[in-house]
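Working notes, structure below.
The values are calculated or read from the model by the stated rules, or taken from the named source; none is laboratory data. All figures in this text were calculated on a predicted structure; none of them were measured in a lab. Here the Cβ positions follow ideal geometry from the backbone for every residue, glycine too, while neighbour counts run over all protein chains shown.
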Amino acid sequence: MIDQKLADDLKRRARGGDASVLRSAELKSLFDQLKTMPAEQRGPFGKAVNELRQDLTELLAAHQDKAEESTPIDVTAPFDLNATAPQLFASGQGSQHPLMTELATVLDIFYRMGFTAVESRELDDDYHMFGSLNFPEGHPARDDYDTFMTVQTDKKGNQYIAPAHTSTMQNRVLKAGKKGLEAGQAIAAVIPGRVFRNEDLDARHEHTFYQLEGVYVDQGIHAGNLIATLKTFLQEYYGKQLEVKTQPFYFPFTEPSFELVVSCPFCDKAGCHICSQTGWIELLGCGMINPNVLTMAGIDPQIYTGFAWGMGIDRLVMMKYGIEDVRHFESGRLDFLEQFS
Ligand SMILES: [Zn+2]
């Protein structure tokens, strides 16, 4: 008789749709055995082998039918109005991230000063990160921005950059506002965005943080307008009168460049741990937009002048709430986040 295990194995293969089973060496060997078999055994064995082959053919056909079978969609079928919905978590189990809440407050203040908001990108190119901001190829100031780059390149073979500042949007904002500017409407935009730096992490440095860029261009704009704008913002945000002063700084995209220093909102210049006992806090970088940056956006620097700043949102919020470590924001720690919900 046919070996039962062999027969079962062949049937299992046929059931699974393996059509090669009909040409298999195992099945062929059964037919070969038939030829050399004593005549009296040949009848029943031959019958059994033929039955097996028949079974395999039928199993394969059944598998094929099943594969082709598909359930037609009944477009007239009624919806089950009582169908179960996904589980709805109580809203108390989640809350807005404090950076987003504070960003909304920051934007609201600038909207009230007539600024519009444009979101920055999380991946940009070399031209917007450096070239359009007056950092020529090989400029040493490029080294101050230790950025992340993609392995993938664009058509010209340049890597994409995870922006290290929201200034990547300046050229776009200036170009977009050029027509309005020439019709007498100042360019006034703030640009919030997430930025990335290849930093050694500590309580004051994080690889991912939020910045708010500001750009203002019109005729007759000078550094006094810059300082007044930032002072108005800071007093509204911290809800108190502040003193501001500037100290010289260097950025390729502003000339002159400043660091804005603000009287400590916590100790009123008496000195505390937030201001390192100095009474003053170096808060942000700013300056008058470099004429080359205006020219690259098609704006005539002989007619128009403007200012720009870049401000760390994380830093502002840390100061407002006395948060001691910037890494809390990205830590996903509920005990931290829940204090703001
Ligand atoms: Zn202080």
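Search region 274-304 for residues being within 16 Å of the ligand (Cβ to nearest atom) and surrounded by fewer than 19 Cβ atoms within 10 Å (Cβ to Cβ), and hand back the single one that is nearest to Ala223 (Cα to Cα).
Glu282
Which residue out of Ala85, Ala61 is among the aliphatic types (A, V, I, L, M), more than 30 Å from Phe209 (Cα to Cα) and outside any helix (DSSP H, G or I)?
Unique residue meeting the criteria: Ala85.
Just to be sure I understand the filter: pairs with C-beta atoms under 9 Å, separated by 6 or more residues or on different chains, first member in region 262-275 and on the phi > 0 side of the Ramachandran plot, second member within 8 Å of the ligand (Cβ to nearest atom) and outside any strand (DSSP E or B). Which pairs pass?
Here the result reads Asp268/Gly279; Lys269/Cys275; Lys269/Thr278; Lys269/Gly279; Gly271/Cys264; Gly271/Gln277; Gly271/Thr278; Gly271/Gly279, each pair linking region 262-275 to a residue that is within 8 Å of the ligand (Cβ to nearest atom) and outside any strand (DSSP E or B).
Just to be sure before I move on: is Leu107 in a helix (DSSP H, G or I) and surrounded by fewer than 20 Cβ atoms within 10 Å (Cβ to Cβ) in the structure I sent?
For Leu107, the condition - in a helix (DSSP H, G or I) and surrounded by fewer than 20 Cβ atoms within 10 Å (Cβ to Cβ) - is met.
Give the residue, chosen from Gly271, Gly239, that is farther than 18 Å from Ala223 by Cβ, away from the ligand (no atom under 12 Å from the Cβ) and out of contact with any Asp or Glu (no Cβ under 9 Å at 6 or more places or on another chain).
Gly239
Among the listed residues Ala176, Ala141, Ala164, identify the single one that is at pLDDT below 95 and in a helix (DSSP H, G or I).
Only one candidate qualifies: Ala141.
Kindly provide the set of residues from region 198-220 that are buried (at least 19 other Cβ atoms within 10 Å of the Cβ) and either in contact with a strand residue (DSSP E or B) (Cβ under 9 Å, 6 or more places away or on another chain) or hydrophobic (A, V, I, L, M, F, W, C) (or both), ordered by number.
Once the filter is applied, which keeps residues that are buried (at least 19 other Cβ atoms within 10 Å of the Cβ) and either in contact with a strand residue (DSSP E or B) (Cβ under 9 Å, 6 or more places away or on another chain) or hydrophobic (A, V, I, L, M, F, W, C) (or both), region 198-220 yields Phe209, Tyr210, Gln211, Leu212, Glu213, Gly214, Val215, Tyr216, Val217.
Could you tell me whether any residue of region 64-71 is farther than 19 Å from Arg23 by Cβ, more than 47 Å from the chain's Cα centre (by Cα) and not basic (Lys, Arg)?
Kept after step one, since they are farther than 19 Å from Arg23 by Cβ, are these residues of region 64-71: 65-71.
From what is left, the residues that are more than 47 Å from the chain's Cα centre (by Cα) are 65.
If we keep only those that are not basic (Lys, Arg) too, we end up with 65.
Looking for residues that are farther than 19 Å from Arg23 by Cβ, more than 47 Å from the chain's Cα centre (by Cα) and not basic (Lys, Arg), one finds at least one in region 64-71, hence yes.
Please verify whether region 248-265 includes one or more residues that are of a type in the set (S, T, N, Q) and within 14 Å of the ligand (Cβ to nearest atom).
yes
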